[in-house]
Amino acid sequence: MKLAVIGTGYVGLVSGACLADVGHQVICIDIDEVKLTRLKAGIMPIYEQGLEAIVQKNVQAGRLQFTSSYEKGMEEARAVMIAVGTPPQTDGSADMRFIDQACESLAPHLQDQMVVIVKSTVPVGTNDRVLEKLKGLSTKTIDVVSNPEMLREGVAVKDFLYPSRVIFGTRSPEATACLHDLYAAIDCPKLVMSPRSAELVKYANNAFLATKVSFINDIANLADALGANIEDVANGIGTDPRIGHSFLSPGPGWGGSCFPKDVHAILHLAKEHDLNLAVCHAAIEANEEARTWVIKRMKKHLGDLSGKRIGVLGISFKQNTDDTRDSPALELIQLLATAGAIVTAYDPAAVIPTTFITPFTRVDEMYHVCDEADAILITTEWDIFRTLEPKRIAEKMKGKLVFDARNLLDPKSVEEAGLIYQGIGKIKK
Ligand code: UGA
């Protein structure tokens, strides 16, 4: 099938490359010429495992192309996928500007029977809105379907090619058939429902997962207070299939470009309908507490943080990504600096936004954060941090506190090196 994809952000690029990889003819459209030139040369705009290889392979095979021309991109396409950003606005609602712009740009190139696929995460009702807008801009008979993205940054290529399910929000059997053709090579349940239901699946999914993480963080803090071990507790509840093991790793709270945005967006949607969604509010509150708990606990060990040297391991919002949007690590760096600490930090990939003005020193080797440190703080679950050797840490540090806010290290070996271990509800066995 010939498919046009609008937007070469992480969702559009991963979806386009993966759909080319399963045999479709894909043209990605973007207005950013610099980005397109780099993509054509095989240079990725984001850090995502496996993406470069899959893009290069499919460009070489002639199945994946990039253009800034809607005319060229949509010529003879059976479907056009909208994968532009919907960033949060100050009131929590999603900014629909890029969706509207995409509709205006694609409308003149629509052909009869074309299927417009909304891939971006959008408020419930957007599909209806896009359909109405396109009807006003074009006389062609088209379908608009919702096919929400469910990709996790860092494992997005794998998530696209081997998903647990895909969601088809459609109004007609013809549009459903088009989506079945598009995903024919991807072996997973295909759940067909209305566009509104599909749109709500996405928000509800992220809100539920965020709530699950907030819940385990609360329980981890309780475990810390009671002397229980959260890993055993998480295993104990996770083995109940009604709960499941995933998303039960405690940490300094959830972050990134999706959970915070989508939980606020679902609350905004609910408010418009005079509903409260108390559980989602509580998840946000617990998430804020998860950050401040780390600082409180740090002060319990070190007293006043003013003038203390803290080495932070991790800046990205989670492992295997350079994304620092709403990163708990960045927030902790800010909270530490505000409390007067002198912060150094290491991350293998993080791209720090220019708007982040909190003073700290970034070092290019992970052990350098330990130099003369009163404490080190692990904020991101990069696998490389699991290899930290307690003895080497101890030799470099001035103080003794190893604050493992991702529960990556073994408390026993840290303490055997003469250090003090503080995890999140994780204790020595
Ligand atoms: C999330 C969803 O998992 C994807 O299904 C969804 O498609 C995506 O949002 C999106 O809306 O685009 P992502 O934000 O990439 O994906 O990251 P996750 O792996 O879900 O992690 C989110 C946050 O929760 C991170 O800060 C992570 O460190 C934290 N987390 C996750 C925990 O603290 N503990 C866990 O057990 C799991």
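Every number here is computed from the coordinates shown, using simple stated rules; none is lab data. Here the structure is a predicted model, which is why all the values come from computation and not from measurement. Methodologically, a virtual Cβ is constructed for each residue, glycine included, from the backbone with ideal geometry; neighbour enumeration extends over all protein chains shown.
Between Arg165 and Lys135, the simple spin-label model (points 7 angstrom out along Cα→Cβ) gives 2.9 nm.
Sorted fewest first by neighbouring Cβ atoms within 10 angstrom, Glu153, Glu52 come out as Glu52, Glu153. For the pair segment 324-377 / segment 140-211, the C-alpha centres are spaced 37 Å from each other.
Residues Cys28, Cys188, Cys370 in ascending order of nearby Cβ atoms (within 10 Å, fewest first): Cys188, Cys370, Cys28. Ignoring aspartates and glutamates fewer than eight residues from Lys428 along the same chain, the ones with Cα atoms less than 15 angstrom from its Cα are Asp224, Glu231, Asp232, Asp404, Asp410, Glu415, Glu416.
Taking 8 Å as the Cα distance limit and 6 or more residues as the minimum spacing, I'd like the relative contact order of segment 296-429 as a percentage. Don't skip to the answer; put the middle values down first.
Values: 268 pairs, mean separation 30.7, N = 134.
The value is 23 percent.
Span-like helix criteria (full DSSP H runs; alpha carbon extent of at least 18 Å along the helix axis; mean Kyte-Doolittle hydropathy of at least -1.0) are satisfied in the chain by 195-226, 259-272, 278-302. For Lys57, the aspartates and glutamates whose Cα comes closer than 16 Å to its Cα, not counting residues fewer than 8 places off in the same chain, are Asp21, Glu48.
Among Ala204, Gly425, Thr8, flag the residue with its Cα farthest along the positive direction of the charge dipole of the chain, charges on Cβ as +1 for Lys/Arg and -1 for Asp/Glu. Ranked along the dipole, the leading option is Gly425.
Amide hydrogen proximity for Phe168: with H placed 1.01 Å from N in the peptide plane, the residues at 5 or more positions away or on another chain lying under 5 Å are Leu191, Val192, Met193.
Give me the dipole magnitude in Debye, nearest 20, for the chain about the Cα centre, with unit charges on the beta carbon: positive for Lys and Arg, negative for Asp and Glu. Display every interim value, and only then the final one.
Details: 46 positive and 54 negative charges, 90 e Å.
That gives a dipole near 440 debye.
Express in nm, to one decimal, how much length is gained between Lys271 and Val22 on full extension, taking 0.36 nm for each residue of separation and deducting their alpha carbon distance. Could you put the intermediate results ahead of the total?
Values: separation 249, 0.36 × 249 = 89.64 nm, distance 4.13 nm.
Taking 0.36 nm per residue and subtracting the Cα distance, the gain is 85.5 nm.
Pick out, from Ala228, Gly314, Asn287, the residue whose Cα sits farthest towards the positive end of the charge dipole of segment 223-341, with +1 on the Cβ of Lys and Arg and -1 on the Cβ of Asp and Glu. Result: Gly314. Our coupling estimate for segment 66-83, obtained by passing each phi through the Karplus curve with A = 6.51, B = -1.76, C = 1.60 and θ = phi - 60°, is 10, 8, 9, 9, 5, 4, 5, x, 9, 4, 6, 6, 8, 9, 10, 9, 8, 9 Hz, Gly and Pro reported as x.
Among the chymotrypsin sites (Phe, Trp or Tyr not before Pro) within segment 335-367, those in coil by DSSP and having at most 14 neighbouring Cβ atoms inside 10 Å are Phe356. Here's how it looks for Asp95: its modeled amide H is under 5 Å from those of Gln89, which are all 5 or more places away or on a different chain. Amide H contacts for Val84 (H built 1.01 Å from N in the peptide plane; partners 5 or more residues away or on another chain; cut-off under 5 Å): Ser120. Given a Förster distance of 30 angstrom, what is the FRET efficiency for Lys296 paired with Phe356, based on the Cβ-Cβ distance and rounded to 0.05? Taking R0 as 30 Å, the efficiency between Lys296 and Phe356 is 0.85.
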